[in-house]
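S.K.: Provided herewith is a single structure, encoded as structure tokens, for subsequent inquiry.
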Amino acid sequence: MHRWGMKHAQSYILVEGTGGATKAQMSDNLAYGKNIEGQQRDYLQICSDEMTKGEWIDIDLQGRSRFPHAFIGPMAAAIR
């Protein structure tokens with residue numbers, strides 16, 4: 001949990017380029033150690049001169065696992 005309270009807590013990646021930008025928020029980092037299943041505040045937004053005509057759009061992340069199956073197996077083996 002953010003040491004100074006959740007009001008100003010942030011956990012995101014922002015990538016800006018000459019033709020667009022993307023921003024992704026990862027709520028697992030904001031609520032580390034807590035069970036937030038079904039309460040995720042994850043989001044992915046993109047803005048592109050070519051694809052979105054300069055407007056920010058939300059990418060639907062519903063039903064997408066944050067830990068792909070290819071990652072889960074090796075991590076489970078490493079933890080043993």
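The values are calculated or read from the model by the stated rules, or taken from the named source; none is laboratory data. This one's a predicted model, so the numbers in the text were calculated from it and none came from an experiment. As a convention, Cβ positions derive from the backbone with ideal geometry for all residues, glycine included, and neighbour counts pool all protein chains shown.
S.K.: May I ask you to list pairs of residues, at least six apart or on different chains, whose Cβ atoms are under 8 Å apart, with the first in the range 4-28 being modelled with pLDDT of 95 or more and the second being part of a loop (DSSP other than H, G, I, E, B) and among the hydrophobic types (A, V, I, L, M, F, W, C)?
M.R.: Gly20/Met51
S.K.: Now a separate question. Please enumerate the residues belonging to the range 29-62 that are at pLDDT 70 or above and β-branched (Val, Ile, Thr).
M.R.: Ile46, Thr52, Ile57, Ile59
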